[in-house]
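The values are calculated or read from the model by the stated rules, or taken from the named source; none is laboratory data. Since the model is a prediction, treat every value here as computed from it, not as a measurement. Glycine gets a Cβ as well: all are built from the backbone with ideal geometry, and neighbour counts include every protein chain shown. Note: accessible area is taken over every heavy atom of the protein model, side chains too, but ligands, DNA and RNA are not part of it. Shrake-Rupley method; radii C 1.70, N 1.55, O 1.52, S 1.80 Å.
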Amino acid sequence: MFDPELWLRIICSMIATTVLLGIGAVAVLSTPALKDTAPSLLPWVAVASVVLAPFAGNLIAPRLRIRHWGRERWKRGDAISG
């Protein structure tokens, strides 16, 4: 039906949506200056997270495939994975 890379991108995008929404919600709700406008800003944070998530998913998904790394690079790792 769909190839595995598309499924990985969809799943990574869904996870990125929740992470971006959480970061944005915490940023809005923890800023005292935004206390009065928080109810109107939170829907914008939700929309922004849905819009930005596919881009984040496209960056994350290829890193989950071993063919992206190659065998030696997979063993060695990188700056993120150590």
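Numbers for the structure displayed
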{"read-out": "In the stretch 1-32, the residues that are open to solvent by 90 Å² or more (accessible area, probe 1.4 Å), of a type in the set (A, V, I, L, M) and farther than 21 Å from ARG65 by Cβ", "value": "ILE23, VAL26, LEU29"}
{"read-out": "Close pairs from the stretch 5-16: first basic (Lys, Arg), partner open to solvent by less than 80 Å² (accessible area, probe 1.4 Å), Cβ under 7 Å, at least 6 apart", "value": "ARG9/GLY57; ARG9/ASN58; ARG9/ALA61"}
{"read-out": "Near pairs, Cβ below 6 angstrom, 6+ apart or cross-chain, from the stretch 57-70 (farther than 11 Å from GLU5 by Cα) to any residue that is at pLDDT below 85", "value": "ILE66/TRP74; HIS68/PRO62"}
